[in-house]
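Each remark here refers to the structure printed beneath this line.
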Amino acid sequence: MAARLAIVLGLALLAAVPPLLPKYALEVLISILFFGYLGACWNVLGGYGGQFSFGHAAFFGIGAYTSTLLFLHLGLTPWLGMLVGGALAAGFGLFAGYLSFRYGLRGPYFSLVTLAFAEMLRVVAVNWKAVGSSLGLVVPSRGSAPLQFLFAGKLPYYYVILGMVLGALLICRAIERSRMGYALAAIRENEDAAEAAGVNALATKLSAMAVSSFLTALGGTFYAQYFAYIDPSLTFGPAISIGGLLPAIVGGAGTVAGPLLGSFVLTPISEITRAVLRGRAGADVMLYGLILILVISFLPNGLMGWLRSRRAGAV
Amino acid sequence: MTWLFSQAVVSGLLLGGVYGLVASGLSLIFGVLRIINFAHGAVMMLGMYTSYWLFVLLGLDPYLSILVTGPLFFGIGVLIQRIVIEPNRAAAEHNQLLLTLGLALFFENLALVLWQGDFRTVRVAYSGASFMVSDVLVEVPRLIAAGGAVLIALALWAFLRMTDAGKAIRALSEEAEGAMLVGIDVSRIRGVAFGIGSACVAVAGALVTPFFYVAPDVGESFNIMAFVVVVLGGMGNFLGALLGGFIVGLAESLGAAFLPGSLKQLVVFGLFVIVLLLRPEGLFGARRGR
């Protein structure tokens, strides 16, 4: 009951407060929700299923490029383009997933092959003139055009990403409570035992991959519309893959709220250190690396694991 | 065309020797600690800066600087393992991977803070030296780097074969529990392995400074190449890493000669994915359980 009240209260705050915030605070909040969203998408496969992808930037980039190219060349609204991007990303995810799972790649081998797929797409995008090569693509902004996923101020983008986060968390919650969720947890804990117990590991992992890659691609479209510019290293680079998996793991992999919680902790740290240490290039990321090491060392099960063990200790 | 081909083969083999040494260190660390070390390239970068500063401040030749970088980074590696990795042994595998990622971010940006992002180069008298073998150009510093890298890797291989510490390292990478049962101090050996791996990559960094720029992010591309090499050679397989280095060097250099732009990387990654899928135990490894 208390938890439900906290969720309702939190949602009310997230919906009501932003119009009152100064521009910088709103940008930080959008950033928090954005990485929380990527974390929730990564969590479907990485957190629940324990399949540690290091290449989710592949799906992100496919989403960003597909909707932007369809918009630039065919005038298709990114609202629809993002669905096309999602479908393409899911297709690529199924292809990459089928190859890796079919050949039994687990643990670090799966991480490496996903990293390689993302890097290959980055190299292709850098060398492909028709998609802007390394110069990237500019999304023409013509003031406010809500039907074209273009808004004048930051506030509408905030509500879009808020909606996306809530959608992703609801999907995670539904998966967690479904047969698929239990199958994923069984695979994460012991894949051979899960198969022996009748879980179709290949099909389960591929379903999670499809959901995860589809949702991640939608994040790519959001990024393209919000920043109005994409290039290969911004969208296909390792920073996006890490940007998704970090909040999920720091918050608590395989929990609904974990990724968002993780982003609420990590993103402000990185934004504040960047603002404070503006004069010294690199000092912010250096501190971020240090904090990451400390968090992993002292909260090995993420913030959610820590909260749970505290609650268990109190009872 | 044949000229282009033979030139690419020579350049690729010379580059491959350095990749081999970088990857040998990574492979050793993986074999013993079972973690993919994302900080490996950052340690190489620190090794490069060390020989750069020894050269600029003390006038020490980059090749002589390996006498400093080797022991120094062995110590740093042991400390990293002891302070950062070892206390988290019990945590999930992916946590240890993230620790190395945090270390990479820390070191890379430490270098950026201390020495800014400028590309620095070490200009020694022999930097531009080269000779021709029929119509193929061989650059002397690259030849020395490749030769030195292979010699050091072979010396390490002998160390692993012949000394007690080396045998303990191999025992630990074969079967951790068994090694513990026969009385090997596994936590000390893990430190030694991390130290040797770090020394390898720092020395590789020192060897390339006469012909390679030094910058905070210079290790990243070497890191990804080393992943490819290690998978090719078989994770934990030391000699495999050396051979894999030559294969990746050749693939990259032939790709650069015959493909436009930076598509050469596609050849390397393509090779990587194919080997991962078809022979995840590596080209030279015996087929073990996955």
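Things worth noting here:
- Residue among B:VAL267, B:VAL229, B:VAL218, B:VAL273 that is out of contact with any Cys (no Cβ under 6 Å at 6 or more places or on another chain), of a type outside the set (Ser, Thr, Tyr) and within 12 Å of B:VAL22 (Cα to Cα): B:VAL229
- From the options B:VAL203, B:VAL192, B:VAL248, residue that is in a helix (DSSP H, G or I), closer than 19 Å to B:VAL22 by Cα, within 14 Å of another protein chain (Cβ to nearest Cβ) and at pLDDT 85 or above: B:VAL248
- Restricting the first member to region A:15-39 and to residues that are modelled with pLDDT under 95, and the second to residues that are in a helix (DSSP H, G or I) and among the acidic types (Asp, Glu), the beta-carbon pairs closer than 6 Å and six or more apart or on different chains are A:VAL28/A:GLU271.
- Helices (runs of 4 or more DSSP H) fully within region A:216-296 counting 3 or more residues that are under 18 Å from A:ALA168 (Cα atoms): A:238-251, A:258-276
- Boolean, A:ALA57 is modelled with pLDDT of 95 or more, in contact with a helix residue (DSSP H, G or I) (Cβ under 6 Å, 6 or more places away or on another chain) and more than 19 Å from A:PHE227 (Cα to Cα): no
- Subset of region A:1-14 (residues that are loosely packed, with under 13 Cβ neighbours inside 10 Å and part of a helix (DSSP H, G or I)): A:ALA2, A:ALA3, A:ARG4, A:LEU5, A:ALA6, A:ILE7, A:VAL8, A:LEU9, A:GLY10, A:LEU11, A:ALA12, A:LEU13
- In this structure, A:VAL285 does not satisfy being surrounded by 24 or more Cβ atoms within 10 Å (Cβ to Cβ) and within 12 Å of chain B (Cβ to nearest Cβ).
- B:HIS94 fulfils the conditions (1) without any contact (Cβ under 8 Å) to a residue 12 or more places away in the chain; (2) farther than 21 Å from A:SER297 by Cβ except for a single criterion, (2).
- Region B:104-115, subset more than 7 Å from chain A (Cβ to nearest Cβ) and buried (at least 18 other Cβ atoms within 10 Å of the Cβ), residue nearest to the chain's Cα centre (by Cα): B:ALA104
- Options B:PHE238, B:PHE269, B:PHE284; residue that is more than 10 Å from chain A (Cβ to nearest Cβ), without any contact (Cβ under 8 Å) to a residue 60 or more places away in the chain and not small (Gly, Ala, Ser): B:PHE284
- Residue match in region A:205-225 (condition: crowded, with 24+ Cβ neighbours inside 10 Å, within 14 Å of chain B (Cβ to nearest Cβ), within 24 Å of A:PRO268 (Cβ to Cβ) and among the small types (Gly, Ala, Ser)): no
- Of all residue pairs spaced 6 or more apart or on separate chains, those with beta-carbon atoms under 6 Å, a first member in region A:240-258 that is over 7 Å from A:GLY39 (Cβ atoms) and a second member that is of a type in the set (Ser, Thr, Tyr) are A:GLY254/A:TYR48.
- The single residue among B:ALA165, B:ALA153 that is farther than 30 Å from A:MET286 by Cβ, crowded, with 22+ Cβ neighbours inside 10 Å and either touching a helix residue (DSSP H, G or I) at 6+ places or on another chain (Cβ under 9 Å) or within 14 Å of chain A (Cβ to nearest Cβ) (or both) turns out to be B:ALA153.
The values are calculated or read from the model by the stated rules, or taken from the named source; none is laboratory data. Note that the coordinates shown come from a computational prediction; the quantities given were computed from them, not determined experimentally. Here the Cβ is made from the backbone with ideal geometry for all residues, glycine too, and neighbour counts use every protein chain on show.
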